[in-house]
Amino acid sequence: MSFQQILSEVFGYAQFRGPQQAIIEHVGAGGDALVLMPTGGGKSLCYQIPAIARHQAGHGVTIVISPLIALMHDQVGALHEAGVSAAFLNSTLSGEEAYQVEQRLMRGEITLLYAAPERITTPRFLAQLDSLFERGCLSLFAIDEAHCVSQWGHDFRPEYRALTVLHERFAGVPRMALTATADDLTRADILERLQLEDARAFVSSFDRPNIRYSIVEKRDSTQQLLRFIEREHEGEAGIVYCQSRRKVEDIAQTLVDAGIKALPYHAGFDPKVRQTHQDRFLREEGIVMVATIAFGMGIDKPDVRFVAHLDMPKNIEGYYQETGRAGRDGLPAEAWMGYGLQDVVNQRRMIDESPAGEEFKQVMRGKLDALLGLAEATDCRRVRLLTYFGETSQACGNCDNCLHPPAVWDGTDAARKLLSTIYRIQQMSGISFGAGHLMDIVRGKTTEKVTQHAHERLSTFGIGANFTELQLRGVLRQLIAMGAVAVDAQAFNTLQLTEQSRAVLKGEVAVQLRESVSAPTERKSKRSTRLSTVVKAPINLDSEGLMRYSALKAWRAEIAKEHNLPAYVIFHDATLAAIAQRAPQSLDDLQGISGIGAKKLEAYAQEVLRVVALD
Ligand code: ADP
Ligand code: ZN
């Protein structure tokens with residue numbers, strides 16, 4: 001079969017997306033490749049189609065190297081549904097099951113074999129690969145999540161370093177590395193570490209046009225999150241990222257108390273609990289996963305409608321990778337982040353206190369600054385994000401700043417007042433103080449602490465009385481973000497001037513701030529919204545169409561349960577909606593609906609027709 005035939009007959013898709021075709025042709029012909037594509041871009045097909053074509057042509061098995069043992073079962077299950085012979089080898093298999101897989105592997109029956117890097121580099125597995133290699137039955141190595149090889153990436157896995165063995169031991173077997181993490185440093189590191197310098201690089205646009213980005217100033221972030229979910233994403237699947245395990249558990253509980261189906265996930269839970277929660281997220285509809293960044297890599301659930309950050313990530317790569325988990329199906333999705341002074345302080349502190357070397361810290365600070373720039377931006381977020389990944393673009397019309405251009409005010413005067421107060425406190429008392437005390441002085445509040453240190457005698461006491469605390473907080477946050485104020489983590493987060501302070505004090509650098517948004521309004525009452533919940537379909541359907549759609553969903557849930565697979569592995573929502581709209585009465589009517597390959601047509605057409613007839 002040609003690549004195009006495999007695409008339509010096996011996977012049921014009419015057209016290649018973006019650079020898929022070029023990649024597939026290159027790798028299918030035995031070339032090495034580095035594939036950089038955003039999450040949801042369609043990386044899997046880039047190795048699955050060459051794997052199928054090369055297996056048919058007698059080149060043998062494709063080994064897919066992936067760090068995600070917990071997801072291999074579903075990945076392989078999805079291929080089975082499409083009629084592709086695939087298997088995985090990992091610690092979840094019994095000795096007997098693993099032996100069976102090895103036998104099938106050696107007999108050449110497997111098209112795609114998934115394994116983790118630790119497994120690949122065991123003497124036993126290497127010996128099996130040797131034997132396949134000698135017989136010319138080793139077709140391709142696909143190294144998924146290839147950024148794990150780099151310490152600059154955010155998921156460094158030392159085991160990935162051992163993958164150089166592939167190149168050395170199996171010279172001539174094509175290799176492709178795939179990742180959604182793209183900054184130059186990581187990219188160069190991947191090429192060097194995996195010795196892919198001569199591979200052809202395929203770099204897609206990193207734009208995810210269906211994701212709407214918004215970054216809001218934190219007030220009461222839990223309430224803000226609740227409002228966001230209840231207003232915009234009721235009943236929909238989403239991920240909420242928090243920094244600490246403790247916070248994950250608290251927020252999950254808060255959501256549950258508010259009637260939202262939420263589950264917690266972090267590395268501190270027993271592996272069984274983690275697996276159960278992950279499975280429920282993948283298999284049930286409308287679950288909100290509250291998690292640390294331990295959750296999400298490789299999660300290919302296509303209908304995650306939002307990703308919310310309650311704490312700021314470390315850098316733009318992390319932010320982009322995490323938010324990229326929303327809307328893989330191409331339907332509208334949202335990336336929402338709450339951001340505040342404390343985030344800036346925490347992230348700076350984590351870098352300062354880390355045991356890493358100074359060079360590494362410098363890189364990390366640079367990356368953090370880029371993210372702070374994004375958070376403080378008053379212009380298009382997407383332009384900023386894409387610029388970071390080396391792409392030029394126009395204002396997108398689908399981010400908070402484009403949709404509701406923020407009013408900007410000049411915070412330079414307030415900034416100078418804050419800075420000169422920090423300077424004067426230091427001069428008078430010989431020690432530094434934290435943000436709260438600083439703002440009290442600038443706003444002229446006579447607190448106990450102010451009196452105790454006689455700070456009402458400072459010449460700057462009360463010079464910023466015309467500013468609200470919120471405004472000053474915003475200014476201070478931006479000063480810290482731009483490095484004009486340093487936070488000393490070793491000394492109770494006290495504030496100090498830096499080299500950069502002078503330029504602001506002299507008025508050489510302007511401080512532009514977004515006008516604070518109006519006060520938060522009341523949440524919708526829980527009960528009224530719960531009652532009004534209706535089926536949401538990804539396309540506009542009439543009432544009959546909606547009935548067919550919900551019947552199809554119910555049917556799909558049964559099948560998914562029977563097969564122990566997530567529902568989307570059977571059919572995507574978009575496929576079900578297309579079926580519901582077309583109201584097919586015969587097999588012919590089902591032809592050409594995206595997402596129905598030959599195997600699925602054969603397996604499910606009759607039942608789908610029956611369900612659609614609403615008998
Ligand atoms: P990635 O691994 O890059 O994040 P996936 O390989 O999971 O992305 O693909 C994202 C979604 O897009 C999947 O649900 C996949 O079935 C779908 N997809 C990929 N390629 C195509 C295509 N050519 N046409 C239609 N859908 C596609
Ligand atoms: Zn925009």
Residue tally, condition in contact with a Leu (Cβ under 7 Å, 6 or more places away or on another chain) and without any contact (Cβ under 8 Å) to a residue 24 or more places away in the chain, over the range 155-178: 0
Selection from the range 178-203 of residues that are within 24 Å of the chain's Cα centre (by Cα), polar (S, T, N, Q) and at pLDDT 90 or above: 179
Odd one out for residue 324 among (1) under 30 Å from residue 491 (Cβ atoms); (2) within 16 Å of ligand 1 (Cβ to nearest atom): (1)
Selection from the range 465-508 of residues that are touching a helix residue (DSSP H, G or I) at 6+ places or on another chain (Cβ under 7 Å), at pLDDT 85 or above and of a type in the set (Val, Ile, Thr): 475, 485, 504
Residues within the range 380-391 that are more than 9 Å from ligand 2 (Cβ to nearest atom) and in contact (Cβ under 8 Å) with a residue 40 or more places away in the chain, tallied: 6
Those residues of the range 7-26 which are more than 9 Å from ligand 1 (Cβ to nearest atom) and either small (Gly, Ala, Ser) or touching a Pro at 6+ places or on another chain (Cβ under 7 Å) (or both), in sequence order: 8, 22, 24
Test result for residue 327, more than 24 Å from residue 223 (Cβ to Cβ) and in a loop (DSSP other than H, G, I, E, B): yes
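Residue by residue, here is whether (1) out of contact with any helix residue (DSSP H, G or I) (no Cβ under 7 Å at 6 or more places or on another chain); (2) under 21 Å from residue 194 (Cβ atoms); (3) not hydroxyl-bearing (Ser, Thr, Tyr) holds:
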site: 42; (1), (2), (3): no, no, yes
site: 46; (1), (2), (3): no, yes, yes
site: 51; (1), (2), (3): yes, yes, yes
site: 55; (1), (2), (3): yes, no, yes
site: 62; (1), (2), (3): no, yes, no
site: 74; (1), (2), (3): no, no, yes
site: 88; (1), (2), (3): no, no, yes
Of residues in the range 29-68 being on the phi > 0 side of the Ramachandran plot and within 27 Å of the chain's Cα centre (by Cα), the one nearest to ligand 2 (Cβ to nearest atom): 40
Filter pass, residue 559 being more than 16 Å from ligand 2 (Cβ to nearest atom), surrounded by fewer than 19 Cβ atoms within 10 Å (Cβ to Cβ) and touching a residue at least 12 places away in the same chain (Cβ under 8 Å): yes
Criterion: within 15 Å of ligand 2 (Cβ to nearest atom) and at pLDDT 90 or above - qualifying residue of 415, 395, 326, 377: 395
Residue count for the range 92-120, restricted to those that are surrounded by fewer than 19 Cβ atoms within 10 Å (Cβ to Cβ) and touching an Asp or Glu at 6+ places or on another chain (Cβ under 9 Å): 2
Which numbered condition residue 437 misses (of (1) in contact (Cβ under 8 Å) with a residue 24 or more places away in the chain; (2) surrounded by 17 or more Cβ atoms within 10 Å (Cβ to Cβ); (3) of a type outside the set (Asp, Glu); (4) away from ligand 2 (no atom under 12 Å from the Cβ)): (1)
Failed condition for residue 176, given (1) closer than 17 Å to residue 66 by Cα; (2) in a helix (DSSP H, G or I): (2)
Residue 310 out of contact with any Ser or Thr (no Cβ under 6 Å at 6 or more places or on another chain) and either within 21 Å of residue 72 (Cβ to Cβ) or more than 16 Å from ligand 2 (Cβ to nearest atom) (or both): no
Among (1) charged (D, E, K, R); (2) within 23 Å of residue 26 (Cβ to Cβ); (3) not in a helix (DSSP H, G or I) - the single one residue 168 does not satisfy: (3)
Which listed residue is in contact with a strand residue (DSSP E or B) (Cβ under 9 Å, 6 or more places away or on another chain), β-branched (Val, Ile, Thr) and at pLDDT 95 or above, from 69, 52: 52
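Here's the yes/no breakdown for (1) more than 18 Å from residue 327 (Cα to Cα); (2) in contact with a Ser or Thr (Cβ under 9 Å, 6 or more places away or on another chain):
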| residue | (1), (2) |
| --- | --- |
| 229 | no, no |
| 240 | no, no |
| 254 | yes, yes |
| 264 | yes, no |
| 277 | yes, no |
| 294 | yes, no |
Among the candidates 215, 260, residue that is over 30 Å from residue 162 (Cα atoms) and over 17 Å from the mean Cα position of the chain (by Cα): 260
Close pairs from the range 276-305: first under 24 Å from residue 79 (Cβ atoms) and aliphatic (A, V, I, L, M), partner assigned to a strand (DSSP E or B) and more than 15 Å from ligand 1 (Cβ to nearest atom), Cβ under 7 Å, at least 6 apart: 304/238
Residue match in the range 336-358 (condition: at pLDDT 90 or above and touching a Phe, Trp or Tyr at 6+ places or on another chain (Cβ under 7 Å)): yes
Pairs where the first residue, in the range 313-329, is more than 13 Å from residue 183 (Cβ to Cβ) and the second is part of a helix (DSSP H, G or I), C-beta under 6 Å, 6+ apart: 313/319; 329/574
Long-range neighbours under 8 Å by Cβ, at least six apart or interchain, first residue on the phi > 0 side of the Ramachandran plot within the range 470-495, second at pLDDT below 85 and not in a helix (DSSP H, G or I): 493/487
Lone qualifier among 352, 369 - being of a type in the set (D, E, K, R), more than 18 Å from the chain's Cα centre (by Cα) and within 23 Å of residue 216 (Cα to Cα): 369
From 280, 328, residue being closer than 29 Å to residue 150 by Cα and of a type in the set (Lys, Arg): 328
Sole exception among (1) at pLDDT 95 or above; (2) surrounded by fewer than 20 Cβ atoms within 10 Å (Cβ to Cβ); (3) not hydroxyl-bearing (Ser, Thr, Tyr) for residue 305, by number: (2)
Scan of the range 125-167 for residues that are closer than 22 Å to residue 48 by Cβ and among the aliphatic types (A, V, I, L, M), ordered by number: 129, 132, 138, 140, 142, 143, 146, 149, 163, 166
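Condition check ((1) within 18 Å of residue 285 (Cβ to Cβ); (2) free of Cβ contacts under 8 Å to residues at least 24 places away in the same chain; (3) surrounded by fewer than 19 Cβ atoms within 10 Å (Cβ to Cβ)) across all residues:
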| site | (1), (2), (3) |
| --- | --- |
| 550 | yes, yes, yes |
| 564 | yes, no, yes |
| 569 | yes, no, no |
| 572 | yes, no, no |
| 577 | yes, no, no |
| 590 | no, yes, no |
| 594 | no, no, yes |
| 598 | no, no, yes |
| 610 | no, yes, yes |
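The values are calculated or read from the model by the stated rules, or taken from the named source; none is laboratory data. As the structure is a computational prediction, the values presented were derived from the model and not from experiment. Cβ atoms come from the backbone with ideal geometry, glycine included; neighbour counts cover every protein chain shown.
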